Amino acid sequence: MDLPIRPRRNRRTAGIRALVRETTLTAGDLIYPLFVHEKDVDEAIESMPGCTRWSLAGLVKEAGEAHALGIPAVVLFPAIADEFKTSGAEECFNPDGLVPRAIKALKEAHPSLLVITDVALDPYNADGHDGLVDRNEVGDLEIVNDETVAVLCEQALSHAQAGADLVAPSDMMDGRVGAIRSYLDESGFMDVSIMSYTAKFASAYYGPFRGALESAPKEGDKKTYQMDPANAREALRELILDEDEGADIVMVKPAGPYLDVISMLREATTLPIAAYQVSGEYLMLKSASAAGWLDEEKVVMESLLGIKRAGADMILTYFAKDVAGRM
Ligand code: PBG
């Protein structure tokens, strides 16, 4: 054929492919989500094979191993015992609670490891919702916004006081980024960053995670605060608000089914973008690989590269340590 342009020339050898590669993934792009509980034994999580609810000692060890592989940050998710769950979720700002103790233990053992905390009420809320629950005149469940934001501010402050480097509000209440920013600043924590769950969708892919923390809503769903999976433009609206309110990093969650949203935000903001490969995405790859249907190492790498290619600067993934270990 008379073909002056042959794209395959740029794919001929591993060397040329390395030179023309547009997207790379390094351990430095990864954030490792870790579950912690009060018990002093590490416990396998049935709903998320390969993941563990760590004791404080186990958490410190696992985070240290991940950090030694080049992972800069962990994000903490606490499994709170039923006796501490209340309808006011007060345990979430207990300065001696599980998360503040975990932050202190991690920062003491690994000062250069960034500790990110989840700011939302669901693990502490007897109702299992991210916000406080009320009933309206006709008895329907209502997640009250402004009262919740006040509690989230206390929660974020307790994490900052314990030494958290970043707080990550995942609750989707309106105005919480600005409120947390002012509250932290007034309290002298202007160096604590906010990684905002900017476009967090009401997703069925969170199912295994709620199993891991026993944090599923007791009644109703999260559709009055998490975004409708059908919407992308609405993510731009959330982005504008989070930028104005002072977010340092904006997040899209889940990641894989929402690559268009990541790419849209990439075009629209100069802020760094995080994407969360959530528990359901993890399990799809994990279970298909365990059955021998997919090659785990390869599909995991491909899924993460796809998320970066779409425009994410960093990825929260349960595969973080495995992937970093293979680099
Ligand atoms: C709760 C929270 C959830 C996840 C992270 N923070 C669950 C939810 O919103 O119901 C999900 C993470 C995952 O599925 O891996 N604030």
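With respect to residue 225, determine if the residue is part of a helix (DSSP H, G or I) and at pLDDT 95 or above. Spelling it out, it is not the case that residue 225 is part of a helix (DSSP H, G or I) and at pLDDT 95 or above. Tell me, please, whether a residue that is more than 25 Å from residue 282 (Cα to Cα) and part of a helix (DSSP H, G or I) can be found in the stretch 248-263. No, there is no match, as no residue in the stretch 248-263 is more than 25 Å from residue 282 (Cα to Cα) and part of a helix (DSSP H, G or I).
Please find, within the stretch 275-300, the residue that is most open to solvent (accessible area, probe 1.4 Å) out of those that are in contact with a Phe, Trp or Tyr (Cβ under 9 Å, 6 or more places away or on another chain) and of a type in the set (A, V, I, L, M). Per the criteria, the residue is 284. Among the residues making up the stretch 61-109, a single one is without any contact (Cβ under 8 Å) to a residue 24 or more places away in the chain and either assigned to a loop (DSSP other than H, G, I, E, B) or aromatic (Phe, Trp, Tyr) (or both): 96.
If you go through the stretch 117-142 and pick out every residue that is more than 10 Å from the ligand (Cβ to nearest atom), touching a helix residue (DSSP H, G or I) at 6+ places or on another chain (Cβ under 9 Å) and among the β-branched types (Val, Ile, Thr), you end up with 1. Applying the criterion of being more than 16 Å from the ligand (Cβ to nearest atom) and out of contact with any Leu (no Cβ under 8 Å at 6 or more places or on another chain) to the residues of the stretch 223-241, the residue that is least open to solvent (accessible area, probe 1.4 Å) is 232. Considered as a group, the residues in the stretch 202-216 that are in contact (Cβ under 8 Å) with a residue 60 or more places away in the chain and hydrophobic (A, V, I, L, M, F, W, C) include one that is nearest to the ligand (Cβ to nearest atom), and that residue is 209. Residues in the stretch 182-198 that are within 13 Å of the ligand (Cβ to nearest atom) and either at pLDDT below 95 or under 14 Å from residue 254 (Cα atoms) (or both): 196, 197. Residue check: residue 220 meets all listed conditions (1) within 13 Å of the ligand (Cβ to nearest atom); (2) in contact with a Leu (Cβ under 6 Å, 6 or more places away or on another chain); (3) at pLDDT 95 or above but one, namely (3). Those residues that are among the hydroxyl-bearing types (Ser, Thr, Tyr) and touching a residue at least 60 places away in the same chain (Cβ under 8 Å), I need them from the stretch 134-169; list them, please. The one that is among the hydroxyl-bearing types (Ser, Thr, Tyr) and touching a residue at least 60 places away in the same chain (Cβ under 8 Å): 158.
Confirm whether residue 211 is closer than 21 Å to residue 135 by Cα and either surrounded by fewer than 17 Cβ atoms within 10 Å (Cβ to Cβ) or at pLDDT below 95 (or both). Considered against the rule, which asks whether it is closer than 21 Å to residue 135 by Cα and either surrounded by fewer than 17 Cβ atoms within 10 Å (Cβ to Cβ) or at pLDDT below 95 (or both), residue 211 comes out as no.
Does any residue of the stretch 11-27 turn out to be assigned to a loop (DSSP other than H, G, I, E, B) and within 17 Å of the chain's Cα centre (by Cα)? Explain how you work it out, then say what you get.
From the stretch 11-27, those assigned to a loop (DSSP other than H, G, I, E, B) are 12-13, 21-26; that's our starting set.
Right, trim to within 17 Å of the chain's Cα centre (by Cα) and you get none.
No: the stretch 11-27 contains no residue that is assigned to a loop (DSSP other than H, G, I, E, B) and within 17 Å of the chain's Cα centre (by Cα).
The residue that is nearest to the ligand (Cβ to nearest atom), among those in the stretch 242-263 that are over 16 Å from the mean Cα position of the chain (by Cα) and surrounded by fewer than 16 Cβ atoms within 10 Å (Cβ to Cβ), is 260. Within the stretch 316-327, restricting attention to residues that are surrounded by 22 or more Cβ atoms within 10 Å (Cβ to Cβ) and not in a helix (DSSP H, G or I), the residue that is nearest to the chain's Cα centre (by Cα) is 316.
In the set 235, 275, 312, 288, only one residue is at pLDDT 95 or above and part of a loop (DSSP other than H, G, I, E, B); that residue is 312. Those strands (runs of 3 or more DSSP E) of the stretch 110-201 in which 1 or more residues are within 22 Å of residue 217 (Cβ to Cβ) and open to solvent by 40 Å² or more (accessible area, probe 1.4 Å) occupy 132-135, 141-144.
The values are calculated or read from the model by the stated rules, or taken from the named source; none is laboratory data. Bear in mind that the values here come from a model prediction, so they are computed numbers and not experimental data. As a convention, Cβ positions derive from the backbone with ideal geometry for all residues, glycine included, and neighbour counts pool all protein chains shown. To get the accessible areas, we keep the full protein, side chains included, count just its heavy atoms, and leave off ligands, DNA and RNA. Shrake-Rupley method; radii C 1.70, N 1.55, O 1.52, S 1.80 Å.
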